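Quick notes on the structure that follows.
Each reported figure results from applying straightforward, stated rules to the coordinates on display, with no laboratory input. Bear in mind the structure is a predicted one, so any value in this text is a computation, not a measurement. Don't worry about glycine lacking a Cβ; one is built from the backbone with ideal geometry, like all the others, and counts go over all protein chains shown.
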Amino acid sequence: MLALVATLCLCQDASDPWMKSEVLEPAVLASLMKDGKAPTIICVAFPNLYKLKHISHAGFAGPGSKAEGIEMLKKEVANLPKSADLVIYCGCCPMVKCPNIRPAYHALKEMGFTHIRVLDIPTNMHTDWYTKNYPSEEGSASN
């Protein structure tokens with residue numbers, strides 16, 4: 001019994017609602033974008049971070065930690081099929097401490113989306129995306 005509990009604990013962080021298979025590494029997303037196979041990317045960070053710089057072609061849904069952010073997220077995905085390939089990210093801080101990513105993930109699951117992935121940002125967007133010269137743009141997106 002103890003071995004089973006230990007195995008389950010190693011499989012997934014208890015605070016993360018997603019499976020490990022739903023975590024997408026930055027290099028993999030950058031490669032998909034380069035190959036023209038990018039999923040729908042949605043930023044759930046604070047507005048000032050998005051306006052400074054964000055992943056190229058990412059939609060903005062507002063901070064997932066706030067009710068108005070969740071409402072923006074619902075509007076952002078309203079016309080997408082429930083099977084849409086979605087990637088959400090924040091990057092305001094290390095993902096383990098992020099106040100925005102988990103509520104956004106939960107909201108999308110509750111809305112019935114079946115293919116949601118979370119971009120793995122262990123440190124922050126600057127360190128884990130921008131310094132690696134992955135596709136990014138400044139200012140508001142043109143969605």
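Key figures
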| quantity | calculated |
| --- | --- |
| D_trans [Stokes-Einstein, Kirkwood Rh over alpha-carbon pairs] for the chain, 10 °C, 1.306 mPa s, µm² s⁻¹ | 103 |
| Structure-based [θ]222 nm, the chain - -39500 (n - 2.57) summed over DSSP H runs of at least 4, per residue, nearest 500 | -9500 deg cm²/dmol |
| Charge sum, other residues only, whose C-beta stays under 13 Å from K109's C-beta, Lys/Arg counted +1 and Asp/Glu -1 | +1 |
| Per-residue Cβ neighbour rank within 10 angstrom, fewest leading, Y134, Y50 | Y134, Y50 |
| Subset of K34/K97; K34/K66; K75/K97; K51/K97; K53/K97 violating a 24 Å alpha-carbon distance limit | K34/K97; K34/K66; K75/K97 |
| For L24, residues with placed amide H under 5 Å, excluding near neighbours | V118, L119, D120 |
| Segment A67-T131, extension gain: residue separation times 0.36 nm, minus the distance between their alpha carbons | 19.9 nm |
| Inter-part distance where the range 105-132 and the range 86-104 are each reduced to a Cα centre, Å | 6 |
| For the chain, built as a Gaussian network whose Cα springs stay under 10 Å, the top-fluctuating residue of L108, L32, L24 | L32 |
| Of the DSSP H helices in the chain, those whose Cα atoms cover at least 27 Å axially and whose Kyte score averages 1.6 or more | none |
| The range 17-134: antiparallel DSSP beta bridges as a percent of all, rounded to 5 | 0 |
